[in-house]
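In what follows, a structure is listed as structure tokens, so that the remarks can point back to it.
The values are calculated or read from the model by the stated rules, or taken from the named source; none is laboratory data. Predicted model only: the values in this text are computed from it and were never measured. Virtual Cβ from ideal backbone geometry, glycine too; neighbours counted across all protein chains shown. What goes into the accessible areas is simple: the full protein's heavy atoms, side chains included, and nothing from ligands, DNA or RNA. Shrake-Rupley method; radii C 1.70, N 1.55, O 1.52, S 1.80 Å.
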Amino acid sequence: LPITVRTLSETIGMKVGELILKLKNLTNSLFTINSGVEFEVAEMIAIEKKIELVAKKQVTAESSLEATITERKASANQLPRPPIVTIMGHVDHGKTSLLDRIRQQYGLSSDVVSTEAGGITQVLRAWRVEKGGKSTTFLDTPGHEAFTKMRARGANVTDIAVIVVSASDGVMPQTEEAIAHARAADVDIIVAINKVDLPDANIDKTRRQLYQLNLLPDTMGGDVPFVECSAKTGKGIDELLDSVAVLAELAELTADPTQAGSGTCLEAYLEGDRGVIATLLVQNGTLSKGDVVLCGATFGRVRAMYDDLGRPIEEAGPSTPVKFIGLDEVPDADDPFYVVDNIATAREIAGKRRERRSETDRFKFQAVNLDKLKEQNAKIKITELKVILKAEARGSVEAIKKELEKLVHEEVRVRVLHAAIGAISESDITLALTSPENTMIVGFNVTADDAALKLAEQRGISLREYQIIYNLVDDVKAALEGRLKPVE
Ligand code: GDP
């Protein structure tokens, strides 16, 4: 395992600059603070400082689990699996109605919905439908917030996004946002033009608005299926499901049901004496009754498991949502879960994670950041709001910078500390750390990389990501005026 220049400098107490110079002389290559240094090289330098470096190869339960998971994912027994679909769109355009209609028409026979399964009759946050022998899993995710949050954690639970647009309203701001999110997550898109039964439905206009956003059907050289439908009359629902099936087939979605189960927690709560009830979406492998599950910082044995109709089941394969009882505590929605070999490993890893999370909470609590500024307005007097801006293209960097510099406030001025192309990185966070109380990090059409997210979380720095320039500028303006709401 190579040691980084940063760690080496801290370990042996040598200034980074001096160390980089030494490394260059020794190896004839250029190093940065984040470069890895081969152990032998590090050792040579350490010896000069009369420090002996010891290579510690740490095999923790967690790192060995990670290795197992990588192996599982790369397994050879890949078989087709049902697609996982999320419906997104502007409020009131008919997301809920479409989901209800789809479930009514194609949901697994609901006459067996039973209360015998211990009274769990509540609809899961995910459920399956079947048409023509093909099954599809729909996620009941309210809005796209949850979608983004999951993605920020690297968990992409959606294969296909259905973007619902009401034909009587046409494209609205959240329609555009939903499209941006789906694109950012790199999922397939289907457009559902809904409410075509309404007298004021204007399908042509709605289509044109969507074309302008670069959503093009195959007749126009694109690859986005357009379906005209009505959640009210049921028109087009068939076609919608057929489009899902076609896209899923093209995408060749696979998973290996012979592996141990893994996936994502969709929701979890505590219910009286029954304990923790969690809805999990199995994404790979098979989850079986009796399995030991590690889910985020919680663990437990699958004591009882139910399908999306509340029927008790023994096992669940890829793309299957299940409700189960057995975790020791309530995990976070979005936490990934894995079946692990034994309860001791699960307990150990969950314990470590709990420690880490509580540390993070402490950090969060201590860190002063812009979001807490409102409460502290009286105490700290801010005269400058620093902005670190990252965007996907030169054009947007320039355009946003220009907009930001136009903002005026009598007491506080905006200073664009750094504006560049690319993802929000660790170095951006470090930059913000120099004056966290008045620095804002904003990304336009870019996300933060893992290292950045981790550091930001530890140090209580908030990152904001935007797909719409107006929203970005508006938030910076709000921050100037001290009325910016904290990020979730
Ligand atoms: P959501 O906010 O996107 O989940 O939208 P809802 O499903 O709650 O629908 C908003 C309103 O539009 C409700 O009053 C629905 O009854 C109505 N609605 C949804 N789909 C249709 C449709 O296809 N035709 C008509 N006429 N009304 C619809």
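Just to be sure I understand, how many residues within segment 431-450 are open to solvent by 10 Å² or more (accessible area, probe 1.4 Å), among the hydrophobic types (A, V, I, L, M, F, W, C) and under 18 Å from residue 482 (Cβ atoms)?
0
Kindly check whether there is at least one residue in segment 259-277 that is out of contact with any strand residue (DSSP E or B) (no Cβ under 9 Å at 6 or more places or on another chain) and open to solvent by less than 20 Å² (accessible area, probe 1.4 Å).
No; the residues of segment 259-277 include none that is out of contact with any strand residue (DSSP E or B) (no Cβ under 9 Å at 6 or more places or on another chain) and open to solvent by less than 20 Å² (accessible area, probe 1.4 Å).
What do you reckon, is residue 210 away from the ligand (no atom under 16 Å from the Cβ) and surrounded by fewer than 21 Cβ atoms within 10 Å (Cβ to Cβ)?
No, not satisfied.
Which residues, counting only those in segment 24-38, are open to solvent by 90 Å² or more (accessible area, probe 1.4 Å) and of a type in the set (A, V, I, L, M)?
30
Of a type in the set (Gly, Ala, Ser) and either out of contact with any helix residue (DSSP H, G or I) (no Cβ under 8 Å at 6 or more places or on another chain) or more than 23 Å from residue 472 (Cα to Cα) (or both), is that true of residue 185?
So residue 185 does not fit the description; no.
If I filter segment 220-252 down to residues being touching a strand residue (DSSP E or B) at 6+ places or on another chain (Cβ under 9 Å) and hydroxyl-bearing (Ser, Thr, Tyr), which single residue comes out as least open to solvent (accessible area, probe 1.4 Å)?
Top of the filtered list is 230.
I'd like the residue in segment 436-474 that is among the charged types (D, E, K, R) and over 19 Å from the mean Cα position of the chain (by Cα) and, out of all such residues, is modelled with the lowest pLDDT.
Of everything passing the filter in segment 436-474, 437 is modelled with the lowest pLDDT.
Given the options 192, 178, name the one that is open to solvent by less than 50 Å² (accessible area, probe 1.4 Å) and out of contact with any Cys (no Cβ under 7 Å at 6 or more places or on another chain).
That would be 178, the only listed residue that is open to solvent by less than 50 Å² (accessible area, probe 1.4 Å) and out of contact with any Cys (no Cβ under 7 Å at 6 or more places or on another chain).
May I ask you to list pairs of residues, at least six apart or on different chains, whose Cβ atoms are under 8 Å apart, with the first in segment 466-488 being at positive phi and the second being open to solvent by 40 Å² or more (accessible area, probe 1.4 Å) and at pLDDT below 75?
482/374; 482/377
Any chance segment 406-414 includes a residue that's in a helix (DSSP H, G or I) and either modelled with pLDDT of 80 or more or buried (at least 16 other Cβ atoms within 10 Å of the Cβ) (or both)?
yes
Given the criteria of a type in the set (Val, Ile, Thr), modelled with pLDDT of 95 or more and farther than 30 Å from residue 62 by Cα, does residue 292 qualify?
Answer is no for this residue.
Within segment 112-129, is even one residue more than 16 Å from the ligand (Cβ to nearest atom), among the charged types (D, E, K, R) and modelled with pLDDT of 70 or more?
Taking every residue of segment 112-129 in turn, at least one turns out to be more than 16 Å from the ligand (Cβ to nearest atom), among the charged types (D, E, K, R) and modelled with pLDDT of 70 or more.
Consider segment 43-89. How many of its residues are open to solvent by less than 60 Å² (accessible area, probe 1.4 Å) and either modelled with pLDDT of 85 or more or hydroxyl-bearing (Ser, Thr, Tyr) (or both)?
14
Conditions tested, residue by residue: (1) without any contact (Cβ under 8 Å) to a residue 40 or more places away in the chain; (2) within 21 Å of residue 101 (Cβ to Cβ); (3) touching a Pro at 6+ places or on another chain (Cβ under 7 Å); (4) away from the ligand (no atom under 12 Å from the Cβ).
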{"residue": "216", "(1), (2), (3), (4)": "yes, no, no, yes"}
{"residue": "220", "(1), (2), (3), (4)": "yes, no, no, yes"}
{"residue": "226", "(1), (2), (3), (4)": "yes, yes, yes, yes"}
{"residue": "241", "(1), (2), (3), (4)": "no, yes, no, yes"}
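Scan segment 308-330 residue by residue and report those that are open to solvent by 10 Å² or more (accessible area, probe 1.4 Å) and outside any strand (DSSP E or B).
308, 309, 311, 313, 314, 317, 318, 328, 329, 330
Would you mention how many residues in segment 74-97 are away from the ligand (no atom under 16 Å from the Cβ) and within 19 Å of the chain's Cα centre (by Cα)?
Count: 2.
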